[in-house]
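Working notes, structure below.
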Amino acid sequence: MRSPAWHLSNSASWTRYLIYTVTAVQALAGDVSATQLQSAQKSLDAGRKSAALGSLNAFANHVKAQAGKKKITAAEADQILAALSQISAAIGQ
């Protein structure tokens, strides 16, 4: 999987990257929902950090629940959760 050509210098860029990653996983593994990520992106774009963090946390819980099952491998889940951690840290700054 080749990453897109944007600079990952802020939480909005990281969220776009995560949406890209999840979209790629969807193409390979089925219906992993990106709705919560899109909600987080909209919240970030509107400057609502708390709402964005809530959406990211909900998505993290979804990923953890699916890890190692048919829809997403444990390695894919680890990659997504690592990106979520970096995004959350950047938002919290």
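Taken together, the values in this text are just the output of simple stated rules run on the coordinates, not laboratory data. Quick caveat: nothing in here was measured; it's all calculated off a predicted structure. Positions of Cβ are backbone-derived with ideal geometry, glycine not excepted, and every protein chain shown enters the neighbour counts.
Results, tabulated for the structure shown:
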{"quantity": "Radius 12 Å from Cβ of ALA40, net charge of other residues (Lys, Arg +1; Asp, Glu -1)", "calculated": "+3"}
{"quantity": "Under Karplus coefficients 6.51, -1.76 and 1.60, residue-wise ³J(HN,Hα) of the range 35-50 in Hz, glycine/proline x", "calculated": "4, 5, 5, 5, 5, 4, 4, 4, 5, 4, 4, 8, x, 9, 4, 4"}
{"quantity": "Cut-off 14 Å between beta-carbons: net charge of the residues surrounding ALA52, Lys and Arg +1, Asp and Glu -1", "calculated": "+3"}
